[in-house]
Every structure is written in C-alpha cells, then in structure tokens.
1. Give the residue, chosen from Pro181, Pro186, that is touching a residue at least 60 places away in the same chain (Cβ under 8 Å) and over 16 Å from Asp137 (Cα atoms).
2. Counting just the residues of segment 76-119 that are among the charged types (D, E, K, R) and assigned to a strand (DSSP E or B), which one comes out surrounded by the fewest Cβ atoms within 10 Å (Cβ to Cβ)?
3. Can you pull out the residues in segment 163-178 that are assigned to a loop (DSSP other than H, G, I, E, B) and more than 11 Å from Asp141 (Cα to Cα)?
4. Based on what the data block shows, is Asn149 within 18 Å of Thr215 (Cα to Cα) and either over 20 Å from the mean Cα position of the chain (by Cα) or free of Cβ contacts under 8 Å to residues at least 24 places away in the same chain (or both)?
Amino acid sequence: MVRGKRYWSALCAILLLAPVASHAATIAIPSLSGSVEVVGMMTKNFNFNVMSSNILPQGSGSAYQFMGSDLANNGSIDVWNYNWSILADADPFIDSTFTIINLTGGTRTFNVSFGLPVSTGFSPAFKSGLLGLDFSDANGDGSASVTVNSWNGLIDGTSAMTLFAVAIPCSGTNCTGSVAPVTDGPLLHAAGVSTDIGNTLSFDLSAGDSVTVHTRFEVTPVPVPATAWLFGSALGLLGWLRRKKRSGSDQRNSLFIQEKYL
C-alpha cells in the first residue's frame, strides 16, 4: 500500500509540475532583422535589436515590440522616411506595421523584408498570413498610387505562402486609398520549420507619397496538447500498477493453494 501511495504521489507531481517547467527558461529578445531596397538606388540592412529606439516585452510570453525610424539618403538625395512598429516572437511570428514615404522625385519600387530565427524547430506546422495597407497623397500634388507586386511568407529561406497583387490609385489633393486586411490560413505545412521564418513585400509607390502597411506571417505547431501525452502516461502507469497488483494477487493465491493441498 505504501508503494502504491508513492506511485500516486509521483504521478501527481508530474501532472502538476510539467506545465510549469516548460516556462522556466529565461525569455530572450528575438533576433529580428530586415532590409529595405529601392530598386536602382540603394539597399539598407536593419538589425532591429540595435536600430530600434524602443524594445518592449508584450504580454507574458516571449513577444517583443520593436519601434524606430530611419531617414535614408543616397548622397545628397533623400530616398525614404521609414517608421516601424514590429511585434516579433521566436515561437514564431512577425507582425509588422510600417510607414514608408517616398522622398525621391519619381515612382520607386520598394522591397521590404523581415527575418527571424525560431527558438525551436518543429513539424508539422500551420502557416498563416495577413496583408493590408493605407496610402495617401503626402505631398499634396493631387494624386497617389501604390502597386503591390508580391507578398511572401518564408520558412527556412523558401517561399511557403503568397498573397495578392494589386494596383490602386487615388486622385485629388491629399487623397487616400486603402486595401482592407486580407488573410490566408492557417494552412498545413507538413515540413514544419527548422531555422527561421521571414516576410517579404515588394511594392511601387508614387513620388512624395506615403504608404502604411500591416503585414503578419505566423508559423505554429500542429497542436498535440501536453496534457494528452501526460494523460496517456498516467493511463500507462495505472495499467502497470494494476498488472503488478494482479500478478502479486495471483502469486499469493498460488501459494495458498499449494499450502492447502500439500
């Protein structure tokens, strides 16, 4: 009986302490990187851990918000004004809201990218994405336009998801336009993720005008609840205890019969 109580005590300890142990590790700030390219003019790489003016933890998990800005020029020519607010979690997802103003004298193609190492690889996985934007005639010349060329969600450096391409103009002084957020997923990605995820966006923006983009790419494990594994382990332990008890009972009965008829 004492031995049985020990087994039950050990089982209860496993069920109660396992969820706590999974969160015991110290949470590190995700290593978020990216780049902005203006085709034919310049490319600038970003280490958001260094270049952000504010990095703030979000919630009780491992998500952090990166906020900052960058004014870029190519020699004496101003190229962009870039402001970002990015939520990133190495578990992993990248949720970014950024504004770019085209400071050049003509329509330019901007290629914006983000990259994030994952904390732990896993498979299979679900993937999901989102893209929405607003743009405006920031220089007041009476028109503005934005053309989304491509959006890609990357897993281990390879495109795993694409969203829409669209061209939208507006006319009138200080006019505005928008694309409501479009989502896709969650979709199964059987190969899972090993090292990193990323997000790329290519768009054309008219001279002197502004675009604000909200984009998100997330990869999550296909749920296999820890409680299910623990419950299965508990059932296995109970079955072993029952077999052991039955075996002991059978042995005692056998001894009793032998002693009775000897």
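1. Details: Pro181 fails: touching a residue at least 60 places away in the same chain (Cβ under 8 Å).
Matching residue, one of Pro181, Pro186: Pro186.
2. So the first thing to find is which residues in segment 76-119 are among the charged types (D, E, K, R), and the list is 78, 89, 91, 95, 108.
Going one step further and asking which of them are assigned to a strand (DSSP E or B), we end up with 78, 89, 95, 108.
Details: Asp78: 15, Asp89: 21, Asp95: 19, Arg108: 21.
Checked segment 76-119; the qualifying residue surrounded by the fewest Cβ atoms within 10 Å (Cβ to Cβ) is Asp78.
3. From segment 163-178, those assigned to a loop (DSSP other than H, G, I, E, B) are 163-165, 172-175; that's our starting set.
Those that are assigned to a loop (DSSP other than H, G, I, E, B) and more than 11 Å from Asp141 (Cα to Cα): Leu163, Phe164, Ala165.
4. Yes, satisfied.
Taken together, the values in this text are just the output of simple stated rules run on the coordinates, not laboratory data. It should be emphasised that the depicted structure is a prediction, and the values quoted were computed from it without experimental measurement. With ideal geometry, Cβ positions are generated from the backbone for all residues, glycine too; neighbour counts draw on all protein chains shown.
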